[in-house]
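The values are calculated or read from the model by the stated rules, or taken from the named source; none is laboratory data. Remember, it's a predicted structure, so these values are computed and weren't measured experimentally. Using ideal geometry, Cβ is built from the backbone for each residue, glycine included, and neighbour counts are taken over all protein chains shown.
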Amino acid sequence: MHFHHLFDIESSIFRGSAPRPDAINEQIGGDELAAWLHERLIAAGIACDPVHAEDHGWDFEIKSGKRRYLVVCSCEFRKKGVSTSWHSVQVAQTKGAALIPDPVLVAVREVLSAAPDIRILTDEPRGRH
């Protein structure tokens, strides 16, 4: 892995609650956020694979030239039937030469920042290898 970056966000636009349909872990959400982010990145010209469920959230992969990325969207529901306003987006470059600034990371940041109903609480690297 070349880098791992975390965005914690607060928003009321993703109103889902547990149990999540089609989830591997029905107490972990992120499907609404993943679909929303996926749609906007594609509109920005970024090639994204389909969103799929994992036990830690909802993932999709991005291919940009020889670089590969994994985007993970998740939130944890404390109680069944109650939505949460806190969500996380993790972006990891898994293959290819690192670029600084990284265009995929910049695009994710721009999409999140442009949304009037999203407040970014954390925008920080979690490691580079």
Can you spot a residue in region 72-82 that is of a type in the set (Val, Ile, Thr) and touching a strand residue (DSSP E or B) at 6+ places or on another chain (Cβ under 8 Å)? yes
Can you find even one residue in region 45-55 that is buried (at least 20 other Cβ atoms within 10 Å of the Cβ), small (Gly, Ala, Ser) and not in a strand (DSSP E or B)? no
Out of everything in region 98-125 that is farther than 19 Å from Glu10 by Cβ, in contact (Cβ under 8 Å) with a residue 60 or more places away in the chain and not in a helix (DSSP H, G or I), what residue ends up being farthest from the chain's Cα centre (by Cα)? Ala98
Index of the failed condition, Trp36 passing every other in (1) over 14 Å from Leu105 (Cα atoms); (2) over 12 Å from the mean Cα position of the chain (by Cα); (3) outside any loop (DSSP other than H, G, I, E, B): (2)
Considering only residues that are β-branched (Val, Ile, Thr) and modelled with pLDDT of 85 or more, look in region 70-83 and name the one that is surrounded by the fewest Cβ atoms within 10 Å (Cβ to Cβ). Val72
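For region 4-32, how many residues meet the condition of being outside any strand (DSSP E or B) and either among the aromatic types (Phe, Trp, Tyr) or at pLDDT 95 or above (or both)? Can you show your working first?
Residues of region 4-32 outside any strand (DSSP E or B): 12-27, 30-32.
Filter once more, so that each one left must be either among the aromatic types (Phe, Trp, Tyr) or at pLDDT 95 or above (or both): 14.
So the answer is 1.
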